[in-house]
Amino acid sequence: MEDRTIGLPENHEVTLVNREEAQISGVLHLTTFDDEQIVLDTELGTLTLKGEELHIKHLDLDAGKLSVEGLLTSLAYGPGKGRPGRQKGRGLLERLLK
């Protein structure tokens, strides 16, 4: 029998439209949010969105999807959950010369 995880996306994508709307897939958990900052865990680590008058239009953690509207001024990735098995904190050269 095949083992499947239902509801978790296999990819992480960010679509930004005119800095006023963002659709994000691969969302695992919404950490914090207010009208100036949204912090969430994604398949590839922690993503912080900053801006003005940010509103969550749609959130479906079962499907791993989030839609945000407002003036987005910054999107930044930081350390976080990410995918298991990834080597974090090591640069490309360091991994190649292992």
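The values are calculated or read from the model by the stated rules, or taken from the named source; none is laboratory data. Predicted model, so just to flag it, every value in this text is computed and none were measured. Backbone-built Cβ (ideal geometry, glycine too); neighbour counts: all protein chains shown.
Summary of computed values
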quantity: Counted residues, the stretch 28-37 - those being touching a residue at least 24 places away in the same chain (Cβ under 8 Å) and over 11 Å from residue 66 (Cα atoms); calculated: 1
quantity: Any hit, the stretch 80-90, residues being surrounded by 14 or more Cβ atoms within 10 Å (Cβ to Cβ), under 11 Å from the mean Cα position of the chain (by Cα) and modelled with pLDDT of 95 or more; calculated: no
